Amino acid sequence: MLDVNHIRKDFPILSRTIYGKPLVYLDNAATSQKPTSVIQSLVDYYESYNSNIHRGVHTLSMEATDRHEDARSKCTRFIGAKEDKSLIMVRNTTEAINLVAQTWGKHNISAGDEILTTHMEHHSNLVPWQKLAEQNGASLQFIELDEDGMLNLSNIDDLITERTKLLALTHMSNVLGTINPVKELTAVAHKMGAKVLIDGAQSVPHMKVDVTDLDCDFFAFSGHKMLAPTGIGVLYVKPEILESMEPFLFGGDMVSQVWDDTATWNDLPWKFEAGTPNIADLIGLGAAIDYLESLGMDQVREHEMALTGYALEQFDRLNDIKVFGPKDLSKRGGVISFHSDDVHPHDMGTMLDREGIAIRTGHHCAMPLTRKLSVVATARASFYIYNTEEEVDKLTAAIRATLDYFAK
Ligand SMILES: Cc1ncc(COP(=O)(O)O)c(C=O)c1O
């Protein structure tokens, strides 16, 4: 098991107080906190070898290039990809998915084709496909959810047909916590000739992910949800697909030869990385990966499952709230959305903040799902490596007090 007391000492922000109470940070699905090693990696870069990469012959530039590419290799290893050239550095999951939609999607999805997705997607894995479908005359199809917030796969053979060109789905829901059977679905989609994009924004920070084993074609995730700085994300694309994809952005660094009227493209992955990249934050992501690997991703998952199980038990005793998502812990991550008919989620969030407890309230960028749940919004607590049972107890007590306050 994780030594959480030890881990907490690595996160300076956790010693903060809010309204005089120790911070209980339970908004990890939105973004995680950062350990000293990640913060220090940024300071080191700016203090010791800040320089532009790839085009310098001086020492600083070569050092920065080495550290930048070394961090890419850490990402490659971390997600089980085979080659560094399969990983394109972007700002976040959202940009990664837009890149796929507007490059591969634009050229491979045409009138009459279908994009299959689910009713539990974050807007990042829905709106880019809506736009592409509108541009190219394709249509969106949806896998429905069952009562537990799991995908209803009973009619999957009717949904994935020869018209399906892409299955775009989340690995783990940011609202329900549901972990989807993405490997099995990838195999079904491939049988019908469809490509598969997995939104890994909520999975990569919390469990071991192996894109080679999943056999997906595209995989996207964000650094900031996994201890790294904001502004750095990763798109993995199978090399054979990436070779044939047109660049997304054009300009410096992504070219090989440029003439007055035309240009040729750089090698992969730089063909997709126009302009000066986010050097410092990729190095920070490398430091975050070092940190997570030092804990072990299986231990991270084990810790979060235990904490989620404990929290679900405590929530069950509250009686007056409805908790969404699968009951089976092996099928859910450390995200718990809940709702009370008597207290608006924003009131709940505000009352909890007064106790130093940070949760998220709203539609969590998943409006179609919120509608399916027949609520206007939910409150969401989400856990990470530094959260404790004691914090869950504080959360439960604060929810109880809020429910009682509004019942008066
Ligand atoms: C499942 C899921 N997909 C995509 C995103 C978008 O991530 P980003 O804002 O880093 O692009 C999020 C963020 O909450 C998410 O939870």
*Restricting the range 116-141 to residues that are within 16 Å of the ligand (Cβ to nearest atom), open to solvent by less than 60 Å² (accessible area, probe 1.4 Å) and among the hydrophobic types (A, V, I, L, M, F, W, C), the residue that is farthest from the chain's Cα centre (by Cα)*: Trp129
_For the structure I just gave you, tell me whether Pro35 is more than 16 Å from the ligand (Cβ to nearest atom), of a type outside the set (A, V, I, L, M, F, W, C), closer than 30 Å to Arg354 by Cβ and surrounded by 18 or more Cβ atoms within 10 Å (Cβ to Cβ)._
yes
*So Lys225 clears everything in (1) at pLDDT below 95; (2) under 28 Å from Asp44 (Cα atoms); (3) charged (D, E, K, R) except one condition, right? Which one?*
(1)
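Can you find a residue that is among the aliphatic types (A, V, I, L, M), open to solvent by 10 Å² or more (accessible area, probe 1.4 Å) and in the same structural domain as Asp44 (by TED's automatic domain parsing) anywhere in the range 215-227?
Residues of the range 215-227 among the aliphatic types (A, V, I, L, M): 220, 226-227.
Within this subset, residues satisfying the condition of being open to solvent by 10 Å² or more (accessible area, probe 1.4 Å) are none.
No: zero hits.
Given the criteria touching a His at 6+ places or on another chain (Cβ under 6 Å) and of a type in the set (A, V, I, L, M, F, W, C), does Ala366 qualify? Write out each step before concluding.
Details: touching a His at 6+ places or on another chain (Cβ under 6 Å): yes; of a type in the set (A, V, I, L, M, F, W, C): yes.
So Ala366 fits the description; yes.
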*Just name the residue that is surrounded by the fewest Cβ atoms within 10 Å (Cβ to Cβ) out of those in the range 237-278 that are of a type in the set (A, V, I, L, M) and over 29 Å from Asp213 (Cα atoms).*
Val258
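Conditions (1) in contact (Cβ under 8 Å) with a residue 60 or more places away in the chain; (2) open to solvent by less than 10 Å² (accessible area, probe 1.4 Å), marked per residue:
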site: Val100; (1), (2): yes, yes
site: Ser110; (1), (2): no, no
site: Leu145; (1), (2): yes, no
site: Gly149; (1), (2): yes, yes
site: Asn155; (1), (2): no, no
site: Ile160; (1), (2): no, yes
site: His171; (1), (2): no, no
site: Val175; (1), (2): yes, yes
*Single condition His6 does not satisfy, out of (1) more than 16 Å from the ligand (Cβ to nearest atom); (2) in a loop (DSSP other than H, G, I, E, B); (3) under 18 Å from Val300 (Cβ atoms)*: (2)
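Just checking, which of Ala220, Ala194 is farther than 25 Å from Tyr384 by Cα, small (Gly, Ala, Ser) and in contact with a strand residue (DSSP E or B) (Cβ under 7 Å, 6 or more places away or on another chain)?
On the way: Ala220 fails: farther than 25 Å from Tyr384 by Cα.
Just a single option satisfies the conditions, and that option is Ala194.
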*Could you check, for the range 285-295, whether at least one of its residues is under 21 Å from Leu227 (Cα atoms), within 15 Å of the ligand (Cβ to nearest atom) and either among the polar types (S, T, N, Q) or part of a helix (DSSP H, G or I) (or both)?*
yes
_From the options Thr31, Thr36, Thr17, Thr59, residue that is among the polar types (S, T, N, Q) and either in contact with a Lys or Arg (Cβ under 6 Å, 6 or more places away or on another chain) or under 20 Å from Ser382 (Cβ atoms) (or both)_ = Thr31
_Going by what's in this entry, would Ala96 be described as at negative phi, crowded, with 16+ Cβ neighbours inside 10 Å and among the small types (Gly, Ala, Ser)?_
yes
*Tell me which residues, restricted to the range 19-66, are among the polar types (S, T, N, Q) and more than 27 Å from the chain's Cα centre (by Cα).*
Ser48, Asn50, Ser51, Asn52, Thr59, Ser61
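The values are calculated or read from the model by the stated rules, or taken from the named source; none is laboratory data. Bear in mind the structure is a predicted one, so any value in this text is a computation, not a measurement. Positions of Cβ are generated from backbone atoms using ideal geometry, with glycine treated the same way; all protein chains shown enter the neighbour counts. We work out accessible area using only protein heavy atoms, side chains counted, and drop any ligands, DNA or RNA first. Shrake-Rupley method; radii C 1.70, N 1.55, O 1.52, S 1.80 Å.
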